[in-house]
Amino acid sequence: MALNQNHTAEELGGYRCAIVEKNISEERARFLTELLSGNGYTVVQAPAAAPKAKAAAKAPAEGSEESAPAEPIATEPKYDLGVTDLLFNPINAIYGRLLKTKSGHTVSLKYWQQQAEDAEDDKPYFL
């Protein structure tokens, strides 16, 4: 059990892992897997737990014209992603400038969040 919520560890796919992100899309999982594997981490990806079903709706009163509940909408599968290094913390890795891109640049927060195409490693975080 983690001391705080910023450093969690769980079992994914039979391996004890430090959680990187939970409930992410397949595209996001692919991006993070490529980035973390390139930095020497062993990445484990597992299907996320299904969301809890909401409480059943009350039955409509007799004679009311409410329709039957709609069918659940199919959503894309979600994944949990972790690394086998239990000391890994994504916040420390980003702000500590520990991760590198394929081109050798330091990973910035915008690059991690996929808001920028390339890491802006020449700009400090505090400006």
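The values are calculated or read from the model by the stated rules, or taken from the named source; none is laboratory data. Please read all numbers here as calculations on a predicted model, not as lab measurements. In this analysis, Cβ positions are derived from the backbone assuming ideal geometry, glycine residues included, and neighbour counts consider all displayed protein chains.
Out of the residues in the range 1-25 that are within 18 Å of residue 87 (Cβ to Cβ) and small (Gly, Ala, Ser), state the one that is modelled with the lowest pLDDT.
Top of the filtered list is 2.
Scanning for something modelled with pLDDT of 90 or more and among the hydroxyl-bearing types (Ser, Thr, Tyr), does the range 89-102 turn up at least one residue?
yes
Collect the residues in the range 48-57 that are at pLDDT below 90 and closer than 29 Å to residue 99 by Cα, keeping them in residue-number order.
49 - this is the single residue of the range 48-57 that is at pLDDT below 90 and closer than 29 Å to residue 99 by Cα.
Just give me the residues in the range 93-117 being under 17 Å from the mean Cα position of the chain (by Cα), over 13 Å from residue 32 (Cα atoms) and exposed (fewer than 12 other Cβ atoms within 10 Å of the Cβ), in sequence order.
Of everything in the range 93-117, just one residue is under 17 Å from the mean Cα position of the chain (by Cα), over 13 Å from residue 32 (Cα atoms) and exposed (fewer than 12 other Cβ atoms within 10 Å of the Cβ), namely 115.
Yes or no, residue by residue, for (1) within 22 Å of residue 94 (Cα to Cα); (2) assigned to a helix (DSSP H, G or I); (3) among the charged types (D, E, K, R); (4) modelled with pLDDT under 90:
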position	(1), (2), (3), (4)
27	yes, yes, yes, no
46	no, no, no, no
59	no, no, no, yes
69	no, no, no, yes
75	no, no, no, yes
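Go through (1) of a type in the set (Val, Ile, Thr); (2) surrounded by fewer than 17 Cβ atoms within 10 Å (Cβ to Cβ); (3) free of Cβ contacts under 8 Å to residues at least 60 places away in the same chain one by one and return the number of the condition residue 84 breaks.
Every condition holds for residue 84 apart from (3).
Assess whether residue 32 counts as being in contact with a strand residue (DSSP E or B) (Cβ under 6 Å, 6 or more places away or on another chain), under 25 Å from residue 118 (Cα atoms) and modelled with pLDDT of 70 or more.
Yes.
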